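J.: Sharing a structure below in structure tokens format, with a few things to ask.
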Amino acid sequence: MPAESTPDAGIADETVTPEPRRRAKGRRRKPRGKGRRALLVMAWTAAGIVVLGGTGVGYLYFKLNGNIKSVDINQALGTDRPAKVDNGSENILVLGSDSRSGSNKTLGGGTDDGSARSDTAMIVHVYKGHKKASVVSIPRDTLVDRPECTDGKGNAQPAAESVMFNSAYSTGGATCAVKTVESITGIRMDHYVEVDFAGFQKLIDDLGGVQVTTTRAIDDRESHLALPAGTHTLDGRQALGLVRTRHGVGDGSDLGRIQLQQAFVKALVDQVKQIGILSSPTKLVDLADTATKAVTTDSDLASVKALASFANGLKGISSPHMNMVTMPVQYDPANPNRVLTDTSKARLIWSALENDKPIPARATQGTATGEAKGVVASS
């Protein structure tokens, strides 16, 4: 299926490491079981935030706090939004911002027009008990009815019908993106996390790369990625290319790219448990510095302490307990570069999340998919 050729941003990820404990000299630490392998919402929040919530004091602590950018979503949206469901679950909207300005221009390609798009969007639903999660990717090319909203500068943005989903962010930033997602799903987003190109690349480099296996060659000049089939340890630039590529493999669609993104997230979660982050204080500080510079959050998460507390509540979620799906869509008969929400099947997903239930398999059966499934796997 042909697809739009605009270079796009991707994101990935989504991990955090357990908090280190002091131990007696000469004693060995027993290996942690799978249940202790922690998961944060996406890759860019990384391992160091949790640890520094307990050990980051003085200058370093305030420096990291100063790195974090935030948006007061609650203030901007007011009461015109879905009610918060108090059942122990949490919903987090995770966006990858596709800015063409500054350092992102050389990474993302395209023209520096001063705009930004949300070319990767995932709803992360953390179930009660924080032992498992469902992740729902929203295709950027989905045609939606965008509600009226207020942007970050307090300016009212008019509603629009049948526009691309990622136009919500380019029109009104984080608040309009959240407003649109809540309008589509009928579910309140408890938190918001955003990352940019440069932060994602540097974070992967600070982690030492991520190992994946490609079952076929990927060659996409637009995302600057060329990988033969085989096992690779991707550096930051390659990882960014992988989660952005859509023309180098499969049918060239955004749906195929989402399949690559989801596979990369799984690989990253599996990889982090093997990285000796806690063995190097310098590496830990570098990770925390990169992570806090990379993210924009809602105001409730806009501190090292808040992020640490939030991440600490996600211990026990490992990649086998992550169900990753794509919002049910069908290709638009009038334009094969766009997709339309399969509303009846999508309602099955939103109802499941609202009631803190597993997503039923029938919700994604018979819907449009890309052709990149199985191209990338954990090594």
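The values are calculated or read from the model by the stated rules, or taken from the named source; none is laboratory data. What you see is a predicted model; the values in this text were computed from it and never measured. Cβ coordinates were reconstructed from backbone atoms using ideal geometry, including for glycine residues, and neighbour counts include every protein chain displayed. Note: accessible area is taken over every heavy atom of the protein model, side chains too, but ligands, DNA and RNA are not part of it. Shrake-Rupley method; radii C 1.70, N 1.55, O 1.52, S 1.80 Å.
J.: Which of the peptides 285-294, 74-83, 349-358 is most tightly packed, and how do the rest follow, judged by the mean count of other Cβ atoms within 10 Å per residue?
T.: By packing density, highest mean first, the sequence is 285-294, 349-358, 74-83.
J.: Another question, if that's okay. Express the C-alpha Rg of region 304-370 as a ratio against the empirical globular expectation 2.2 N^0.38 Å, rounded to two decimals. Each step should come with its number before you reach the end.
T.: Values: Rg = 16.2 Å, N = 67, 2.2 N^0.38 = 10.9 Å.
Normalised by 2.2 N^0.38 Å, the Cα Rg of region 304-370 equals 1.49.
J.: On to the next question. Over the C-alpha atoms of region 145-219, what are the Rg and the largest Cα-to-Cα span, Dmax, in Å?
T.: Both quantities, over Cα of region 145-219: 17.1, 48 Å.
J.: In bins 5 Å wide, starting from 0, what share of all Cα pairs of region 175-293 does each bin hold, as a percent?
T.: Going from the shortest bin to the longest, the percentages are 2, 10, 16, 20, 17, 14, 12, 7, 1.
J.: In nm, to one decimal, how far is the residue 79 label point from the residue 362 one, both placed 7 Å along Cα→Cβ?
T.: The two pseudo-label positions are separated by 3.9 nm.
J.: Right, here's the next one. Are there any GluC sites (Glu not before Pro) in region 109-211 that are in a DSSP loop and have at most 16 other Cβ atoms within 10 Å? List them by number. Intermediate results must be reported in sequence, preceding the final value.
T.: Details: sites: 148, 161, 182, 194; in loops: 148.
Those satisfying the criteria are 148.
J.: Between the DSSP loop rule and a limit of at most 14 other Cβ atoms within 10 Å, which trypsin sites (Lys or Arg not before Pro) in region 130-166 are left?
T.: Details: sites: 131, 132, 140, 153; in loops: 131, 132, 140, 153.
Hits after loop and neighbour filter: 131, 153.
J.: Size of the dipole of region 166-234 about the Cα centre, Lys and Arg at +1 and Asp and Glu at -1 on the beta carbon, nothing else charged, in debye to 20?
T.: For this selection, approximately 140 debye.
J.: Given labels modelled 7 Å from the Cα in the Cβ direction, how far is it in nm from residue 237 to residue 300?
T.: So the label points at residue 237 and residue 300 sit 4.0 nm apart.
J.: Another question, if that's okay. Roughly how far apart, in whole Å, are the Cα centres of region 305-379 and region 136-178?
T.: 20
J.: Considering only protein heavy atoms, with the full assembly of protein chains and a 1.4 angstrom probe, order 282, 326, 175 by accessible area, largest first. Don't skip to the end; give the middle numbers.
T.: Values: 282 95, 326 35, 175 5 Å².
Greatest to least solvent exposure: 282, 326, 175.
J.: Which pairs in the list 131/305; 131/266; 63/128; 153/179; 63/84 are over 26 Å apart, alpha-carbon to alpha-carbon?
T.: Result: 63/128; 63/84 exceed 26 Å.
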